[in-house]
Amino acid sequence: MKGRILKGVVTGIEPYGVFVQFDDYYSGLIHISEISDGFVKDPGAYVKIGEIINAKIIDVDDQMGHLKLSIKNIQYKEKYATIRRKIKETPLGFKTLSYYLPIWIEESLKNIREKSIDK
């Protein structure tokens, strides 16, 4: 299990770290020193309670179901949605496609004919 990256839910934030729940048995702590390579003043600036994050397992206590976790150097937050831009319609619409399609077909057929002659 060490080294695996799992998805979990942030269940608590304390000055010393972040608690994450994975299932009914396993939960873990991301110690403040495992949040970032830089200085971390407030773990709450990185995650929010209820947020689903990725965390890397650095140690396991199977008997207690506790995991030592890290979010250093991993993509711990999911990018849920890409920015969608509205497509600006041109005044010609599909007329451009209907104009160029026969030209493109003719060019492709010409290339096919030339390749078959070269063989």
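The values are calculated or read from the model by the stated rules, or taken from the named source; none is laboratory data. The shown structure was predicted, so the numbers you read here are calculated from the model rather than taken from an experiment. Please note: Cβ atoms are built from the backbone with ideal geometry, for glycine as well, and neighbour counts cover all protein chains shown.
Summary of values
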read-out	value
Filter result (under 17 Å from residue 11 (Cβ atoms), among the hydrophobic types (A, V, I, L, M, F, W, C) and either surrounded by 13 or more Cβ atoms within 10 Å (Cβ to Cβ) or at pLDDT 95 or above (or both)) within segment 58-78	67, 69, 71
From 30, 13, 35, 105, residue being hydrophobic (A, V, I, L, M, F, W, C), surrounded by 10 or more Cβ atoms within 10 Å (Cβ to Cβ) and in contact (Cβ under 8 Å) with a residue 40 or more places away in the chain	30
Per-region count, segment 1-58, residues in a strand (DSSP E or B) and touching a helix residue (DSSP H, G or I) at 6+ places or on another chain (Cβ under 8 Å)	6
Those residues of segment 1-47 which are among the β-branched types (Val, Ile, Thr), closer than 12 Å to residue 71 by Cα and more than 21 Å from the chain's Cα centre (by Cα), in sequence order	32
